[in-house]
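Following: one structure in structure tokens, then a few remarks.
The values are calculated or read from the model by the stated rules, or taken from the named source; none is laboratory data. Predicted model, so just to flag it, every value in this text is computed and none were measured. In this analysis, Cβ positions are derived from the backbone assuming ideal geometry, glycine residues included, and neighbour counts consider all displayed protein chains. Calculation scope for accessible area: heavy atoms of the full protein, side chains included, ligands and nucleic acids excluded. Shrake-Rupley method; radii C 1.70, N 1.55, O 1.52, S 1.80 Å.
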Amino acid sequence: MNGWMGKILRVDLGSGKISTERLDPKTARDYLGARGLGTKIMWDEVDPNVDPLSPENKLIFAPGPFSGTFAPSSGRYDVVTKGPLTGTIAASNSGGSFGAELKFAGWDAVILEGKAAKPTWLSIVDDVVELRDASRLWGKDVPETTEALYAEASEDSKVACIGPAGERMVLFASIMNEMQRAAGRTGVGAVMGSKNLKAIVVRGSKGVKVADKDAFVAACGEASRKIKEHPVGGTGLRLYGTNVLVNILNSIGGLPTNNFQTGHFANADMVGGETLAANQLQRPRGCFACIISCGRGTKVTNPKYKGEGEGPEYETAWGFGPDCGIDDLDAVIKANYICNELGLDTISMGGTVACAVEMFDKGIITLEDTEGLDLRSGNAEAMVEAVRLTGIGEGFGKKLALGSYRLASLYGHPEMSMTAKKQEMPAYEPRAVQGIGLNYATNNRGGCHVRGYTISPEVLGVPVKYDKDATEGKPELVAMFQNLTGAIDSSGACLFTTFGIGADDYAAMLTALTGVKYTGDDFVKCGERVWNLERLWNNRSGFTAADDAIPERLTTVPMPTGPSKGAVSHVKEMMPHYYAVRGWDAEGRPTPEKLAELELA
Amino acid sequence: MGMMLTIHPEKCTGCRNCELACALEHGGDFRIKASRIHVYAWEREAFSVPMMCQQCSDASCVTVCMPKAMHRNPATGLVEYDASKCIGCKMCVQACAFGNAAWDALTASILKCDTCDGDPACAKICPTGALEWTDDDLAVQARKKSFATKIKNAFSEAQS
């Protein structure tokens with residue numbers, strides 16, 4: 001095959017059986033790879049009602065057809081499983097070189113089943129696949145684990161592993177590859193921990209083949225040119241990283257502050273990308289095949305929060321900053337480093353601390369509950385300590401490890417959890433930006449921005465400007481972005497390539513690479529197929545229209561301060577039309593006609 | 001005067017587009033293990049450095065090559081590899097102090113930067129200018145100036 005490697009690796013961690021399967025060409029064509037392929041495998045093989053942390057759940061690592069080529073900024077992979085934080089189908093996307101290295105070793109997907117009897121790591125060197133003892137790695141943090149495995153396997157290997165948080169099954173534990181890159185959301189690291197799998201170490205010597213080399217070079221060149229000429233894709237993200245958004249969102253009153261109590265933070269600039277660039281930034285970093293370089297190599301010299309590594313992204317700076325009432329960027333970066341080292345999702349971690357801070361400020365929890373942690377709004381030191389305690393499973397950290405929904409429910413206030421489907425929403429206020437709220441509510445993995453990033457048109461005006469306060473046209477916009485993103489994720493491309501290119505560009509690259517003819521519409525159709533299959537999975541595991549919601553606060557309490565003062569989210573009003581646009585019935589179930597159209601019937 | 005590939009590690013983001021372009025140019029697919037350029041990353045410090053043949057003036061790979069497969073092109077000053085003369089003894093691999101000559105078992109040949117015949121694909125694709133194809137007698141001037149700028153800034157700061 002061209003683009004795809006044509007093989008899937010299956011590893012039964014319980015019995016130790018390792019087997020190889022052929023990638024079905026029709027599945028590859030219809031689901032592309034990564035998120036799409038992983039979801040298809042889950043649909044075919046796993047009961048949607050499975051306990052996410054039981055051996056019956058599966059964990060799938062899958063790169064996309066673009067991964068391992070120079071399609072610009074397109075070397076990514078997805079981890080697909082049933083997520084313990086949400087109970088939904090989960091796909092968590094990461095960059096770096098790990099996904100490309102899986103391709104070079106000859107694999108389009110690795111399916112992990114069962115549970116190892118003791119701590120284990122998986123070695124993949126091309127076709128030679130072995131399970132190894134990880135007892136002495138258990139308890140080590142991500143950089144220590146990664147370095148120990150470089151020493152034991154090869155310096156040229158790529159390592160994806162969990163930290164202590166994944167081992168302890170913190171419900172929002174991440175999987176980290178090459179120390180700094182995260183498959184962060186929905187708790188995929190906890191699933192890996194539940195299987196006693198500490199790491200996957202991969203090294204490959206094969207090449208990804210191209211169907212039409214000249215056409216591929218031309219299509220990639222054209223895509224690169226468009227991204228480089230784009231003010232966001234070509235300039236903005238390299239200069240300031242994603243954290244350039246702090247000031248932009250604050251200026252429209254859409255920066256969630258103090259656990260979404262309002263949408264404006266007076267000192268926002270102190271944790272923004274411009275401040276970062278002027279102080280802690282060492283250099284921009286790029287994932288495999290990246291031409292955008294939004295990654296931030298940073299260093300903190302302040303002795304209290306000393307460290308170096310990568311980050312923060314916008315959502316991280318927001319979560320540990322304004323959402324906790326904090327304006328100390330050094331502390332925010334330290335919290336980010338700790339998350340990377342211990343293996344925690346920064347967004348859910350930030351959102352969970354923010355929820356605890358609000359409950360503390362309102363007297364719902366006290367110093368007795370927090371075991372002495374003074375979690376009032378703005379206390380940077382306590383925030384950093386809360387993150388550390390969560391990762392190592394001590395003190396109040398044991399409760400924070402449950403995520404904000406379960407934490408707030410423990411104290412009788414689930415309404416203070418700023419989540420959709422129990423996953424913490426990221427850094428865009430649904431009252432200030434109508435489309436993004438609809439995306440949170442309908443997102444197949446709960447509170448998440450990267451599955452339907454309507455912030456581009458609604459705030460940045462890319463590719464065209466939409467009125468952020470309007471509801472008209474938003475269901476169409478959200479569905480279109482969700483479908484396109486489903487295809488982009490499944491192809492191995494980075495979402496940020498949309499700052500420059502569109503469906504026709506991906507289709508041209510994919511056609512030249514694979515030799516399978518795709519139009520722009522075909523490409524988007526793949527994404528719509530993935531979206532509907534995820535929806536079917538969630539419906540089968542008990543999710544209904546009632547779960548397509550965001551917290552009442554955002555739909556009933558007018559924004560109290562800032563440029564979006566007085567606004568509420570109109571998610572409920574938009575929902576019937578969204579279902580209609582999707583070709584779903586009034587209960588949010590895909591109709592037989594829609595399923596037939598997508599060849600899912 | 002000739003040309004050379006200059007490395008600016010401070011601009012390298014670790015994206016490895018250079019490896020991909022090199023592999024495609026020479027092998028027709030993305031088998032980057034066979035790339036003539038490789039990027040090494042220090043993940044804790046978020047730093048990376050690309051490495052490829054430095055075209056040494058006193059090149060040990062040329063010195064040790066008995067059939068003279070590895071030889072200098074007097075016109076360009078670059079070290080070239082003639083596969084038709086190579087006997088596969090791998091002495092160049094042993095001799096290169098930088099590890100920039102490698103043996104590829106799959107194709108039974110030596111992998112060494114050939115600058116794509118004077119139009120290096122790696123420098124062309126590099127999105128940040130970390131790899132630069134430049135006059136060999138001017139190659140350090142840009143870097144000299146960038147360090148001079150740092151000194152200038154330090155002085156300005158000290159005086160303000």
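Laid out as a table, the results:
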| quantity | calculated |
| --- | --- |
| Residues of the range B:46-65 buried by at least 50 Å² on assembly (accessible area, 1.4 Å probe, chain alone as reference) | B:Ala46 |
| Segment A:Ser19-A:Val581, length gained on full extension (0.36 nm per residue, minus Cα span) | 198.1 nm |
| Euclidean distance between Cα centres, the range A:25-96 to the range B:22-47, Å | 26 Å |
| Crossing angle, helix B:17-27 versus chain B [Cα axis fit, 0-90 degrees, rounded to tens] | 20 degrees |
| Rounded Å value of the spacing that divides the Cα centres of the range A:208-276 and the range A:365-432 | 28 Å |
| Listed residue (A:Val188, A:Asn258, B:Ala130) projecting farthest to the positive dipole end of the protein assembly as shown, Cβ model | B:Ala130 |
| Cα shape, the protein assembly as shown, gyration tensor, a/c 1.5 rule | prolate |
| Average partner coverage of A:6-13, which counts Cβ from other chains inside 10 Å | 0 |
| Relative contact order (%) - chain A, alpha-carbon pairs under 8 angstrom, separation at least six | 16 percent |
| Entries of A:Lys82/B:Lys11; A:Lys7/B:Lys33; B:Lys90/B:Lys145; A:Lys198/A:Lys306; B:Lys11/B:Lys33; A:Lys103/A:Lys334 with Cα pairs more than 29 Å apart | A:Lys82/B:Lys11; B:Lys90/B:Lys145; A:Lys103/A:Lys334 |
| Difference of contour (0.36 nm per residue) and Cα-Cα distance, A:Glu472 to A:Glu130 | 117.6 nm |
| Helical contribution to [θ] at 222 nm, DSSP H n ≥ 4, -39,500 (n - 2.57), averaged over the protein assembly as shown, rounded to 500 | -10500 deg cm²/dmol |
| Percent accessible area from carbon and sulfur atoms, the range A:7-203, protein chains only, probe 1.4 Å | 46 percent |
| Area of A:His413 that stays accessible when all protein chains are in place (1.4 Å probe, Å², to 10) | 50 Å² |
| Reach of A:Lys565 by Cα under 27 Å, taken over lysines that are not fewer than 8 positions away in the same chain | A:Lys362, A:Lys421, A:Lys422, A:Lys465, A:Lys468, A:Lys474 |
| Local net charge near A:Ala90, Cβ-Cβ under 13 Å (Lys/Arg +1, Asp/Glu -1) | +4 |
| Of all accessible heavy-atom area on the range A:434-597, the percent that carbon and sulfur account for (1.4 Å) | 58 percent |
| Dipole moment magnitude, nearest 20 debye, the protein assembly as shown about Cα centre, only Lys, Arg, Asp, Glu C-beta charged | 880 debye |
| Interface residues, the range A:281-295 - accessible area loss of 50 Å² or more versus chain alone, probe 1.4 Å | A:Arg283, A:Arg285, A:Phe288 |
| Gyration tensor verdict on chain B (Cα atoms; rounded if a/c is under 1.5, prolate if a/b is larger than b/c, oblate otherwise) | prolate |
| Threshold 40 Å² - residues in the range A:58-81 whose accessible area is reduced by that much or more when the chain is no longer isolated, probe 1.4 Å | A:Phe70 |
| The range A:7-203, dipole about Cα centre (Lys/Arg Cβ +1, Asp/Glu Cβ -1), debye to the nearest 20 | 280 debye |
| Solvent-accessible ranking of A:His570, A:His449, largest area first, probe 1.4 Å | A:His570, A:His449 |
| Three-way shape label, the range A:434-597, alpha-carbon gyration tensor, a/c 1.5 | oblate |
| 1.4 Å probe accessible area per residue over the protein assembly as shown, in Å² | 35 Å² |
| Solvent-accessible area buried by pairing B with A, both sides, nearest 100 square angstrom, 1.4 angstrom probe | 2700 Å² |
| Mean Cα-pair separation over length for the range A:254-420, i.e. relative contact order, pairs under 8 Å, 6 or more apart, % | 19 percent |
| Karplus-derived HN-Hα couplings along the range A:385-396 (A = 6.51, B = -1.76, C = 1.60, θ = phi - 60°), whole Hz, x at Gly and Pro | 5, 4, 5, 4, 4, 5, x, 9, x, 10, x, 5 |
| Proximal charge balance of A:Gly68 [Cβ under 13 Å; K/R count +1, D/E count -1] | +4 |
| Added length on full extension, which subtracts the Cα-Cα distance from 0.36 nm per residue, A:Glu274 to A:Leu410 | 45.0 nm |
| Farthest toward positive dipole pole in the range A:254-420 [+1 Lys/Arg, -1 Asp/Glu at C-beta], among A:Phe360, A:Leu373, A:Thr275 | A:Thr275 |
| Relative contact order computed over the range A:352-454 (Cα-Cα under 8 Å; 6+ residues apart), in percent | 19 percent |
